[in-house]
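Okay, so here's the structure we're looking at.
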Amino acid sequence: MGASEGPDVAAMRAYADELRETFTRLQDEGLELHAKARAVQVTETSRDGLVSVTVGPRGDLIRLDLDPRIYRRPDARALADTIAETAHRAAAAAQERVMEIFEPVIPPDQFKAHLEGDVEAVMARLIDDMGGDR
């Protein structure tokens, strides 16, 4: 660090170096990680075992299986709620799996904030990492 550089400049340089290193790792590993993430499929079964939902990496529905025993209790609202709850659990598990895949290059909390569109959390993290105040 030069004589004219203060701690803020040193922190900014360290952060820039960290970003450069992360970017390089993303370039090196990105295609493989992306392929792994795109291949994610998660299947969850309802608590009563009558509904099975398979989703892709973004929580998109791939398959829905209903056990014929659902007709023994014809309650459309309960069935819809069971399907929705099971699909939500599957989507959350898929999101966790994708975050695990990218964990070597992107911290999970940062990745989750991006996935959830939490701009405030992303910006707060960026400001914090840069050692700045806002």
Residue selected from region 22-64 under the condition over 16 Å from the mean Cα position of the chain (by Cα) and part of a loop (DSSP other than H, G, I, E, B), by the criterion nearest to Ala84 (Cα to Cα): Ser46
Check on Asp67, over 29 Å from Leu126 (Cα atoms), acidic (Asp, Glu) and surrounded by 11 or more Cβ atoms within 10 Å (Cβ to Cβ): yes
Hits in region 97-114 (condition: in contact with a helix residue (DSSP H, G or I) (Cβ under 6 Å, 6 or more places away or on another chain), closer than 18 Å to Leu33 by Cα and among the hydrophobic types (A, V, I, L, M, F, W, C)): Val98, Met99, Ile101, Phe102, Val105, Phe111
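Just so you know, all these numbers are worked out from the coordinates, no wet-lab data involved. Given the structure is predicted, the values throughout are model-derived calculations rather than measurements. All Cβ positions, even for glycine, are placed from backbone atoms using ideal geometry, and neighbour counts span all protein chains on display.
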